[in-house]
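Each remark here refers to the structure printed beneath this line.
The values are calculated or read from the model by the stated rules, or taken from the named source; none is laboratory data. The shown structure was predicted, so the numbers you read here are calculated from the model rather than taken from an experiment. Cβ sites come from the backbone with ideal geometry, for glycine too, and all protein chains shown count toward neighbours.
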Amino acid sequence: MNSAIVTGLRDAWRTLREQASDDAEWPEIAWQQLIGVGGCRWGIPREHGGEESTPAELVGTAIELTRGDLTPAFIWTQYLAAIQRLEKAPSALQEKWLPQLADGSAFATVGISHLTTSRQHWSTPTVLAVPEADGYRVTGSIPWVTGVTQADVIVTGAALEDGRQLLIALDTTLTGVERGDGLPLLALRGSMTGSVELRDVIVPNTDIISGPVENVLKAIGSGGAGSFMTSAVALGHAFAAFDQLDRITAGRAEFDELNAGWRVTLSALYDEILAAVEETISPPNLAETLRVRSTTLALQLSQSLLTASKGAGFISGHPAERIAREALFFLVWSCPQAVAGELLRGFGRSQCS
C-alpha cells in the first residue's frame, strides 16, 4: 500500500470536508476518489483483482483517512469488514462478489451488531432463519447497517431456533429485503446508517458464508466488537481534532506546552496500536484498553478544540462543533460492555477529582 496515495486521499477528503456545508449527504465524491486511487482493492486477494495489505497497513490507513474525514473513513471500515468476512466464504461466493468490490462497481457493508453488541438482551433472535429445501427463510430486522441505501451486498447474521448462527452474504436485490433510509443521527448522517427489514427472504445455500454453528463470528475468526480498527478510527479522529487545534492556536504561547503534550500522547498511542496489530505487544485485555484510551483521547481533544474556538466553535457548521459531535460516536459504535463500563468509571473519576 502506497503511503503517498493514502496521504493524498486523506488531504483530498479534508478539503472536501472543509468545503461541505452539510454532513448529511452520502460522500459520493470522496468515495469516487477512493475508487480512483484503487482504495477499494485494499485488503482483497490478488486473485480477485485486489491488492493484499497487511493488518498494520489497513489500520494505519484507517487512522490517516479518518484524519481527513471521519464519515467516508468509517464507511470504508465497514466495507473492509464485509470484505474480510467474504474472504472466509466458499470460493464460488468469493468469486461472485470480490472482483466487483475490488473495482468499485459494487458496494458491500456489514450488519452484524445484533451478533455482537446490539439487542443481545432480546429473548428471541433479532433475525431468525428457518431451513428450507435449498437454503433458509430469513425474517427479522438488521439494525445499524452503514451505507444502507447504497449496499449491493450486506454481510449479516441470522440465528436458528436452536441458537446456532449463520453468516450470510445478503444480496439486497432478493425479494423481501426492505432497506430503510439513513437515521437522523447526531453525527455521521452522511454514512446512511439505518436498518434493513427482512420479510421471508429466501437465502440460497450458495449465499451462506459460514454456519450454522455456535457463535459464527468467533468460528470464522473474523474479530468483532473492540477490535483494533475501532481504536484506530477513534485515534484518527483525535488526530483530526488536534490538527484543527494546532492550526487555530498557532502563535498563542499559552497553548505551546499543551500542544506539545498532545503530540507526544498521540504519537505514543499510534505506536502502541500498530504494535498491538503486529502482535509485538499482547498484555491481557489489550484491545479494550486501547479502545478506552483512544475514545477518551478523541473526546478530550474535541473538547479542547471547542474550548479554544470559543463562541465561534459553538455555531453549527464550525469545524469544532462538528468534531465535538462526531467524537460522541465512539461512545456507541461497537462499544462492548467492558469498554462502556471503563469509560463510565473514567467519567465518574473525573467528576469526583
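Tabulated values for the structure
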read-out	value
Search result, residues across the range 124-134 that are surrounded by fewer than 18 Cβ atoms within 10 Å (Cβ to Cβ) and in a strand (DSSP E or B)	Leu128, Val130, Pro131, Glu132
Elements of type strands (runs of 3 or more DSSP E) contained in the range 135-204, each with 2 or more residues being among the polar types (S, T, N, Q) and surrounded by fewer than 23 Cβ atoms within 10 Å (Cβ to Cβ)	135-145
All positions within the range 262-293 that are of a type outside the set (D, E, K, R), under 16 Å from Ala234 (Cα atoms) and free of Cβ contacts under 8 Å to residues at least 60 places away in the same chain	Trp262, Thr265, Leu266, Ser267, Ala268, Leu269, Ala276, Leu286, Thr289, Val292
Members of the range 300-328 found to be of a type in the set (A, V, I, L, M, F, W, C) and in contact (Cβ under 8 Å) with a residue 24 or more places away in the chain, listed by number	Leu301, Leu305, Ala308, Ala320, Ile323, Ala327, Leu328
Arg247 vs. criteria outside any loop (DSSP other than H, G, I, E, B), basic (Lys, Arg), over 21 Å from Ala187 (Cα atoms) and free of Cβ contacts under 8 Å to residues at least 12 places away in the same chain	yes
Any hit, the range 227-242, residues being over 13 Å from the mean Cα position of the chain (by Cα), in a loop (DSSP other than H, G, I, E, B) and either assigned by TED's automatic domain parsing to the domain that holds Phe330 or modelled with pLDDT of 95 or more (or both)	no
Residue within the range 83-93 that is surrounded by fewer than 18 Cβ atoms within 10 Å (Cβ to Cβ), assigned by TED's automatic domain parsing to the domain that holds Gly190 and either under 30 Å from Thr280 (Cβ atoms) or in contact (Cβ under 8 Å) with a residue 60 or more places away in the chain (or both) present	no
Considering residues of the range 254-298 that are of a type in the set (Ser, Thr, Tyr) and more than 17 Å from Val59 (Cα to Cα) only, the residue surrounded by the most Cβ atoms within 10 Å (Cβ to Cβ)	Thr296
Among (1) free of Cβ contacts under 8 Å to residues at least 12 places away in the same chain; (2) among the polar types (S, T, N, Q); (3) surrounded by 13 or more Cβ atoms within 10 Å (Cβ to Cβ), the one test that Ser231 misses	(1)
Glu321 being surrounded by fewer than 18 Cβ atoms within 10 Å (Cβ to Cβ) and either in a loop (DSSP other than H, G, I, E, B) or at negative phi (or both)	no
Flag if Thr7 is more than 20 Å from Val145 (Cβ to Cβ) and hydroxyl-bearing (Ser, Thr, Tyr)	yes
Residue among Phe330, Phe314, Phe347 that is crowded, with 18+ Cβ neighbours inside 10 Å and farther than 18 Å from Asn259 by Cα	Phe330
Out of Leu183, Leu174, Leu188, sole residue that is under 30 Å from Ala275 (Cβ atoms) and not assigned by TED's automatic domain parsing to the domain that holds Ile63	Leu188
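Let's see how each residue does on (1) assigned to a helix (DSSP H, G or I); (2) within 21 Å of Ala240 (Cα to Cα); (3) assigned by TED's automatic domain parsing to the domain that holds Ala240; (4) modelled with pLDDT of 95 or more:
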{"site": "Ala260", "(1), (2), (3), (4)": "yes, yes, yes, yes"}
{"site": "Ile281", "(1), (2), (3), (4)": "no, no, yes, no"}
{"site": "Leu299", "(1), (2), (3), (4)": "yes, yes, yes, yes"}
{"site": "Ser302", "(1), (2), (3), (4)": "yes, yes, yes, yes"}
{"site": "Leu306", "(1), (2), (3), (4)": "yes, yes, yes, yes"}
{"site": "Gly311", "(1), (2), (3), (4)": "yes, yes, yes, no"}
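Okay, residues lined up against (1) within 17 Å of Val332 (Cβ to Cβ); (2) in the same structural domain as Gln32 (by TED's automatic domain parsing); (3) at pLDDT below 85:
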site	(1), (2), (3)
Asp103	no, yes, no
Arg119	yes, no, yes
Trp122	no, no, yes
Leu128	no, no, no
Glu132	no, no, no
Val138	no, no, no
